[in-house]
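The values are calculated or read from the model by the stated rules, or taken from the named source; none is laboratory data. All of these numbers come straight from a predicted model, not from anything done at the bench. When we count neighbours, we look across all protein chains shown, and the Cβ atoms used for this are built from the backbone with ideal geometry, even at glycine. Note: areas computed on protein heavy atoms with side chains; ligands, DNA, RNA excluded. Shrake-Rupley method; radii C 1.70, N 1.55, O 1.52, S 1.80 Å.
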Amino acid sequence: MSGDRRIVFEDVSKFYGEVLGVNRVTLSLPPGITSLVGPNGSGKTTLMNLMTGLIRPTRGRLSVLGLASDDHVAIGRRAGYCTQFDSFPRGVTGRSFVRGWLGLHGLRAEEADRLTAEALDRVGMTEAADRKVAAYSKGMRQRIRLALALSHRPEVLVLDEPLNGLDPMARAECLALFQGLAGEGLHVVISSHILHEVDRVSDHVVLLSHGYVVAEGQIHDVRTEVTDHPMQMLVRCSRPHVLAAGLFAADHVVEVRIHPDGKGLLVRTRDAAAFHRQLNRIVLETEIGLEAVSPADDDVGAVYQYLIGSDTEAV
Amino acid sequence: MSVLGQAWAVARMELRRGVSWRSLWVLMMAFAPVVIIAAHALQDHTHQLEDETLILNGIVQIYYVRFGIFFGCLGLFLRLVGGEVAERTLHYLFLAPLRREALLLGKFVAGVLTTVLVFGTGVTASVLLMYGHFGEGRAYLTHGPALAHLRLDLLVVLLACLGYGAVFLAFSLLFKNPAVPGVMLVLWEGVNGALPAWLKHLSVTFYLKPLFPVELPVKGLLSLFTVVAEPMPPWLAVTGLFVFTGLVVTFACWRMKGIEVSYSSE
């Protein structure tokens, strides 16, 4: 994929005085949903601020859809950023906030009105749009910021903790919205501490710790590369004891546990491919009824735990 | 959209935000003399044109230019960018497709339009009330030089708003706490008349003094505010202040381009 459809970091570092923001980050993010995962202070917000031009890299180069990161005018047209900062200009209503911002894009009044209404509708804020933002709940303020980020139909949507303050229903709606936008070919870059929900929608994951990129890629590929922690496979089958005995004979199998309901196994293996070959062989030889085989720790949460550890707060 | 178009879009947005209760004190400062002159007009019936003219010019030269416009600009222009930073809303503007210098220019234009409108109206109302409540004064307005003086006073208001506005806007980009340099500027402007010739040029007052239509016969410390120590032609004073404003705004634009927004809680 050509560089002008990607967000590209080339050896990018950002220091705030002597404090490290991110260090030597090299990434090439394709369209789709990319999740930034890491504990507090890992550099997620710094990466987002860099890709939207709010801050400049101390070292290295950064381009967004082929645009240099200091080209504020072009990036402003093609990127939208929903920051986590819960602040608004005084006295604005939801509608006037979004409409006023679109007024800075040089749009005709009717066009700005239409885009405002469209953005408010997308985040489900049409009814409350003419109330003062100061009277909104936290979730409503979050949705108005999201409406602002979406309002000019950007090609890159950067969302810092976009699910904060939303109830489960609103979270599900937002995730569906992000998936829809990614399906239209947009870049949707999300940071969130709600790992299981991020995991469900992410095409690409970047794990950060202390300003460094620890791992990045599709979550399954990342998990496969984590060889220190054997992969966990859940097998639903008849006669699990027979299967357990067969699997134990293999060198790559570290642990086998019979599921408490007696209808399956939890297997820990160092080599997923060898496990699948072994499983096929046993099933053919013993005629065990196999219902399902699925990875039990092939998700963001597990990878996060393995690579970053449980001593840090998941964010 | 051109840079000027972007700047105008920002200025319109600023003007639409209007005057909040936080800046009501600026209106009060602009119209306090109007109230006092109105009370004077109602109570005092022994009006001398010469006395009224001196009082009016004292109000314009000392109260409006030295106090009202100075502190009004301090309050408004320091908050144009500084207020956005304090309230964590600057990033919304930085995320819009605007050149940073257009953003600053738009805010400056909005600030100048607001202060000129407020203080220009205050000065105009003061002049009309001061001369309008007695016969000789009305004649001075209609057939005398009062309106010509008012035009010069309004030119001074415009130039003062430009000059002080630019300086305070630049201060807000240079200093975390611009109140301290603000106080320094009060002192600087106050003692400007006593400074060496080359330093006088680095002052807004220096360019404004030659434009006042009436020279006030004041002595002592107050003469520092009114006496033109080194007369210069009005055209040069006006040009000088425009150049001074242009230089300060250019510097502020350069500073604005270097600003980064990072409210990160990380």
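Within segment A:102-126, the set of residues being open to solvent by 20 Å² or more (accessible area, probe 1.4 Å) and at the interface with chain B (Cβ under 8 Å from one of its Cβ atoms) comprises A:Gly103, A:Gly106. A:Ala149 falls short of the stated requirement of being among the hydrophobic types (A, V, I, L, M, F, W, C), within 12 Å of chain B (Cβ to nearest Cβ) and without any contact (Cβ under 8 Å) to a residue 24 or more places away in the chain.
Within segment A:141-158, the set of residues being closer than 11 Å to A:Phe88 by Cβ and either touching a Cys at 6+ places or on another chain (Cβ under 6 Å) or hydrophobic (A, V, I, L, M, F, W, C) (or both) comprises A:Ile144, A:Arg145, A:Leu148.
Residues of segment A:70-97 that are outside any helix (DSSP H, G or I), surrounded by fewer than 23 Cβ atoms within 10 Å (Cβ to Cβ) and of a type in the set (Ser, Thr, Tyr): A:Ser87, A:Thr93. Could you pull out the residue among A:Thr45, A:Thr34 that is in contact (Cβ under 8 Å) with a residue 24 or more places away in the chain, β-branched (Val, Ile, Thr) and outside any strand (DSSP E or B)? Residue meeting the stated conditions: A:Thr45. Applying the condition of being in a helix (DSSP H, G or I) and open to solvent by 20 Å² or more (accessible area, probe 1.4 Å) to segment B:194-220 and asking which residue is nearest to B:Val238 (Cα to Cα) yields B:Tyr207. Of all residues in segment A:58-69, exactly one satisfies the criterion of being polar (S, T, N, Q) and either crowded, with 21+ Cβ neighbours inside 10 Å or at pLDDT 95 or above (or both), namely A:Ser69.
Within segment A:80-89, identify whether any single residue is over 23 Å from the mean Cα position of the chain (by Cα), farther than 23 Å from A:Arg56 by Cβ and more than 9 Å from every other protein chain (Cβ to nearest Cβ), and answer yes or no. No; the residues of segment A:80-89 include none that is over 23 Å from the mean Cα position of the chain (by Cα), farther than 23 Å from A:Arg56 by Cβ and more than 9 Å from every other protein chain (Cβ to nearest Cβ). The set of residues from segment B:245-265 being crowded, with 20+ Cβ neighbours inside 10 Å and at pLDDT below 90 comprises B:Val261, B:Ser264.
Among the residues of this structure, A:Ile55 does not count as one that is facing chain B (nearest Cβ under 9 Å), in a helix (DSSP H, G or I) and crowded, with 22+ Cβ neighbours inside 10 Å.
Of all positions in segment B:65-80, at least one carries a residue that is within 14 Å of chain A (Cβ to nearest Cβ), within 15 Å of B:Cys253 (Cα to Cα) and touching a helix residue (DSSP H, G or I) at 6+ places or on another chain (Cβ under 6 Å). Quick one: in segment A:17-40, of everything that is open to solvent by 40 Å² or more (accessible area, probe 1.4 Å) and either at negative phi or among the small types (Gly, Ala, Ser) (or both), which residue is farthest from the other protein chains (Cβ to nearest Cβ)? Of everything passing the filter in segment A:17-40, A:Ser28 is farthest from the other protein chains (Cβ to nearest Cβ).
Of these, A:Phe15, A:Phe85, which one is aromatic (Phe, Trp, Tyr) and over 22 Å from A:Glu161 (Cβ atoms)? After ruling out the rest, the residue left standing is A:Phe15. The listed residues are B:Ala41, B:Ala7, B:Ala96, and the only one of them that is within 14 Å of chain A (Cβ to nearest Cβ), in contact with a Leu (Cβ under 7 Å, 6 or more places away or on another chain) and touching a residue at least 24 places away in the same chain (Cβ under 8 Å) turns out to be B:Ala7. Of the residues making up segment B:28-35, at least one is more than 14 Å from chain A (Cβ to nearest Cβ), small (Gly, Ala, Ser) and touching a helix residue (DSSP H, G or I) at 6+ places or on another chain (Cβ under 6 Å). For segment B:152-171, state whether one or more residues are open to solvent by less than 40 Å² (accessible area, probe 1.4 Å), part of a loop (DSSP other than H, G, I, E, B) and of a type in the set (Phe, Trp, Tyr). No, the conditions are met nowhere in segment B:152-171.
Is there a residue being more than 16 Å from the chain's Cα centre (by Cα), modelled with pLDDT under 95 and either under 23 Å from B:Thr205 (Cβ atoms) or not β-branched (Val, Ile, Thr) (or both) anywhere in segment B:70-82? Checked against the condition, which is being more than 16 Å from the chain's Cα centre (by Cα), modelled with pLDDT under 95 and either under 23 Å from B:Thr205 (Cβ atoms) or not β-branched (Val, Ile, Thr) (or both), segment B:70-82 yields at least one hit.
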